[in-house]
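Undergrad: After the structure tokens below, expect a handful of questions from me.
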Amino acid sequence: MPGSRRRQRGVLLAGIALLLAALVLAVVLASVFMPGREAAGGRPLRWQDRGTTRNLREIVLGRCYSYLAERHPALGDTDCLKIWESLKYTFIYKNPCNTTAEDYQPLMELASHPIPCNKSLFWSKTNDLAHRYTKSSHSFLTLEDTLLGYMFDGVSWCGDPSAPGINYESCPKRSECESNPGSVFWKTASKRFAEAACGVVQVMLNGSIEAGAFRSSSIFGSIEIFNLNPDKVSEIQIWLMHDIGGPQSESCSGHSIQRLKRILEERNFTITCEDDYRPVQLLQCVRNPDHEDCRLCPSSMETP
């Protein structure tokens, strides 16, 4: 009997030792392979993307006041300081991987304003061209042309549980955690922008991309098209633009555009598509005035 008890105690102790060893190994592996581990010396969590933009408060407030004074004076009652405070409370002293759409709702309400019908322009992989066009024509608005998008375009932010509560060194990429402050913000803002669209809606896509002009993984393909309201939107006009002198990887009859049309038709939208919408192409020609595509009259129409 005593020998049997000793064997049982030995087995029990060996099991406990094995369990402790497994726990220690799990902790070590997590500290090595998990992103966002805490650095030594109380430094903030480490991530793979750029950190919070320096002087973020001053940038946001400056853009807000500038937008109200120069672009939309009718929004003069908007409280820019409240907007900044609302943004700050969404991320300061918080783990950046725990951001939710609900965190941004007060900010969205403070910065919202009506979008006129027939003015909404969506884009994917045409960032520079779309915004050059809205700036020159003043006929359309992208999300970045609204107060909300204008204030936060091109800046980044994230918090950290340690003081000062803001991580200026790094922020998480979407591949590290989808619920990071930037990704959640732009998804939430894009959803609201699409919900507000009415009348005829324009979409500018890039037909020079080899992988296809329409991508289901893009913000437009995954968020915006599913939040357009067919009861408010009378027509969706697709402008499929190609680089001047560049490849024409896809036309309006291409595979990805047809897939986009099917998605929209299933939601009862009326769709048209135009290759190289001429007013936008002429803007492209400002940088390529001598190219054949930029002639005012096609060569077949020229007299000898």
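Undergrad: Any chance you could run the full-extension gain for GLN237 through GLN105? It's 0.36 nm times the residue separation minus the Cα-Cα distance, nm to one decimal. Let's see the in-between values first.
TA: Working: separation 132, 0.36 × 132 = 47.52 nm, distance 3.01 nm.
44.5 nm is the gain from fully extending GLN237 to GLN105.
Undergrad: At 7 Å along the Cα-to-beta-carbon direction for both LEU75 and ASN55, put a label point, then send me their distance in nm to one decimal.
TA: With each label point 7 Å from Cα toward Cβ, the separation is 2.2 nm.
Undergrad: Same structure again: Once neighbouring chains are kept in place and the probe is 1.4 Å, which whole percent of the accessible area of the stretch 45-294 is contributed by carbon and sulfur? Before the final figure, lay out each step's value.
TA: Details: 5600 of 11670 Å².
The nonpolar share, carbon plus sulfur, comes to 48 percent.
Undergrad: Label-point separation (nm) for ARG46 and ALA211, each offset 7 Å from Cα along Cα-to-Cβ?
TA: Label-label distance for ARG46 and ALA211, simple model: 2.8 nm.
Undergrad: For SER208, list long-range residues whose amide hydrogen, built 1.01 Å from N in the peptide plane, is under 5 Å from its own amide hydrogen.
TA: Amide H neighbours of SER208, under 5 Å, 5+ apart: ASP243, SER249.
Undergrad: For the stretch 45-294, list log₁₀ I(q)/I(0) at each q in 0.08, 0.16, 0.17 Å⁻¹, using the Debye formula over Cα point scatterers of equal strength and ignoring solvent, two decimals each.
TA: Each listed q maps to, in turn, -0.35, -1.22, -1.31.
Undergrad: Going from most exposed to least, what order do GLU70, GLU210 have by accessible area with a 1.4 Å probe?
TA: Per-residue accessible area, sorted high to low, gives GLU210, GLU70.
Undergrad: Need the C-alpha centroid separation for the stretch 209-273 versus the stretch 66-83, integer Å.
TA: 33
Undergrad: So how strong a dipole does the stretch 45-294 carry about its Cα centre when Lys and Arg Cβ are +1 and Asp and Glu Cβ are -1, to the nearest 20 debye?
TA: Values: 26 positive and 32 negative charges, 91 e Å.
Computed charge dipole of the stretch 45-294: roughly 440 debye.
Undergrad: Modelling each spin label as a point 7 Å along the Cα-to-Cβ direction, I'd like the GLU266/ASN229 distance in nm, to one decimal.
TA: 2.3
Undergrad: Oh, and also: Over 30 Å between Cα atoms, which of LYS135/LYS232; LYS88/LYS261; LYS187/LYS261 qualify?
TA: Values: LYS135/LYS232 26 Å; LYS88/LYS261 40 Å; LYS187/LYS261 22 Å.
Checking Cα-Cα distances, LYS88/LYS261 exceed 30 Å.
Undergrad: Once amide H atoms are placed 1.01 Å from N in the peptide plane, what residues at a sequence separation of 5 or more from TRP123, or on another chain, have their amide H within under 5 Å of its amide H?
TA: Amide H neighbours of TRP123, under 5 Å, 5+ apart: MET204.
Undergrad: Per residue, how much accessible area does the stretch 45-294 show when a 1.4 Å probe rolls over the protein heavy atoms, in square angstrom? Could you put the intermediate results ahead of the total?
TA: Values: 11670 Å² over 250 residues.
Heavy-atom SASA per residue in the stretch 45-294 reads 47 Å².
Undergrad: For ILE166, which sequence-distant residues (separation of 5 or more, or a different chain) have an amide H within less than 5 Å of its own amide H, given hydrogens modelled in the peptide plane?
TA: Placed amide hydrogens put TYR93, ASP160 under 5 Å from ILE166.
The values are calculated or read from the model by the stated rules, or taken from the named source; none is laboratory data. These numbers come from a predicted model, not from an experiment. Methodologically, a virtual Cβ is constructed for each residue, glycine included, from the backbone with ideal geometry; neighbour enumeration extends over all protein chains shown. SASA here: full protein model, heavy atoms, side chains in, ligands and nucleic acids out. Shrake-Rupley method; radii C 1.70, N 1.55, O 1.52, S 1.80 Å.
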